[in-house]
Amino acid sequence: MESVIRLVIGLVLLVVANVVLGSLDAMFAGTFDWKRFWKGVLKGGVAAACFAGFYAAGRLNPTIVAIDLGGESINLATAANASMVAAYALYAKEVFTKLTSMILSHTDDPAVSEGTASDPPDDSKDGEGDPPEPSEEDSPLPDD
């Protein structure tokens, strides 16, 4: 039972890191929302509790077959472990992606600078580069 506690705590830490990094991104972009933040925290806590329940059910009833893949039977405890590892991998990837993005992002103040590295340069000058207006010759309407 100690291993499930460590697994759940680890998953909760990954979820918290993901929520915090997402919140920081939103703060930097000026779109932070406390309601969305708490929904993320609640989602992570509920998901961890459900994984713990799934694992505990598998440990209590190890002979119940959860999945049968081409003659290979996987019991509930093994299925719970596999799903926990999948959740770890998904959250770890999200945290890694957000950390990488944060480390590589510029910290310029958008109000001071003309744009960020992610903004495409504005090559148009006084309408130059704008798409041409459609002419009557391009009109799909038939002539009367």
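Computed from the coordinates by the stated procedures, all read-outs in this text should not be read as laboratory data. Computed from a predicted model, the values in this text were never measured in an experiment. Cβ coordinates were reconstructed from backbone atoms using ideal geometry, including for glycine residues, and neighbour counts include every protein chain displayed.
Can you list residues from other chains, or at least 5 along the same chain, whose modelled amide H is less than 5 Å from the amide H of Phe32?
For Phe32, the qualifying residues are Met27.
Quick one: in the range 2-107, what % of C-alpha pairs are over 20 Å apart?
Cα-Cα pairs in the range 2-107 separated by more than 20 Å: 49 percent.
Would you mind ranking Val8, Val85 so that the residue whose beta carbon has the fewest other beta carbons within 10 Å leads the list?
Arranged by neighbour count, lowest to highest, Val8, Val85 become Val85, Val8.
Fewest first, what order do Leu11, Leu69 take by the number of other Cβ atoms within 10 Å?
Sorted ascending by nearby Cβ count, the order is Leu69, Leu11.
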